[in-house]
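Where a number appears in this text, it was derived from the coordinates with a stated rule and is not lab data. The model shown is predicted, which means the values in this text are computed figures rather than measured ones. Glycine gets a Cβ as well: all are built from the backbone with ideal geometry, and neighbour counts include every protein chain shown.
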């Protein structure tokens, strides 16, 4: 392609980006990540079912024995029902006033449908934008060396947003809780307390996969460190405007800056807990995290200097 053709293509792409709303672009890229992840996993490990759904979340159905998984369909259905019951509660769908609002304003009736409509609207909020934006940045930066996925809805309710696995070692590196930092001291203190709870044994993740050679093994993992990354409202707004709308591009300057911020924060959290007393398995997993974090920082630095 000539320089003139490249310039024309870039101009066309930039014009399209200006027309596409940031939230729509983020949803689109999240679906593209899911499609790319599923294709890669199927090719590399020979699985036949999608690992992640359109939201980039680990699919609970992937783990069903009907698909060669480790959990019975009944157990997975029970987990889904528990999730739905919580969403009905949080959406207020039991309240007659809420039911009337959705019926008249949204043309939606029934507790389950109200809860689903509530979830769709919630996915557009700043906290959900941050989860998708963080997943996009982590994926674009680390996809060559790590499996990067959003946790299943079941584990998401347990305070796990993202999940990283080193594909070379097969080690589950850590789980990440993404925090919309409202700059409220109490909120941040709460997150530090959760990081320090690593000393009590870390997190359990029910729906998890780890690579072992040429196989992708399903398992529940325990004693895994949980850390958090955060963005302020201003950073989320700036990130929504500035992320690259092309998944094939290497991370742009803003994405690289945010990734660098994430690794600095993860290092601070590691330093805060590394000398704490904790179960032996958790300590071993923390050491694996330390090694993986250095790999992550090396990758980020290499991409910044390109």
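The table for this structure:
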quantity	calculated
Förster radius 25 Å - calculated FRET efficiency between residue 100 and residue 74, Cβ distance, rounded to 0.05	0.10
Gain on full stretching of the segment that runs from residue 267 to residue 49 - 0.36 nm per residue minus C-alpha separation	74.9 nm
Rg followed by Dmax, in Å, when the chain is reduced to its Cα trace	20.2, 63
Cα gyration tensor shape for the range 12-144, rounded if a/c is under 1.5, else prolate or oblate	oblate
For the chain: relative contact order, % (alpha-carbon pairs under 8 angstrom, 6 or more apart)	16
The range 73-122 - percent relative contact order, Cα under 8 Å, separation 6 or more	35
The range 73-122: radius of gyration over Cα atoms, expressed as a fraction of 2.2 N^0.38 Å	1.19
Contour minus Cα-Cα distance for residue 200 and residue 222 (0.36 nm per residue)	6.7 nm
The range 285-304 residues near the modelled residue 260 label - backbone nitrogen below 12 Å, point 7 Å along Cα→Cβ	300-304
GNM top mover of 102, 139, 45 - the chain, alpha-carbon springs below 10 Å	102
Rough spin-label spacing in nm, given labels placed 7 Å along Cα→Cβ, for residue 252 and residue 212	4.3
Net length gained if the chain between residue 144 and residue 66 were fully extended (0.36 nm per residue, minus Cα distance)	25.0 nm
Residues in the range 195-229 reached by a label modelled at residue 274 [backbone nitrogen below 18 Å; 7 Å Cα→Cβ]	195-199, 225-228
Fewest-first sequence of 90, 118 by Cβ atoms within 10 Å of each Cβ	90, 118
Relative contact order for the range 96-185, counting Cα pairs under 8 Å that sit 6 or more residues apart, in percent	18
For the range 202-305, radius of gyration divided by Kirkwood radius, i.e. Rg to Rh on alpha-carbons	1.02
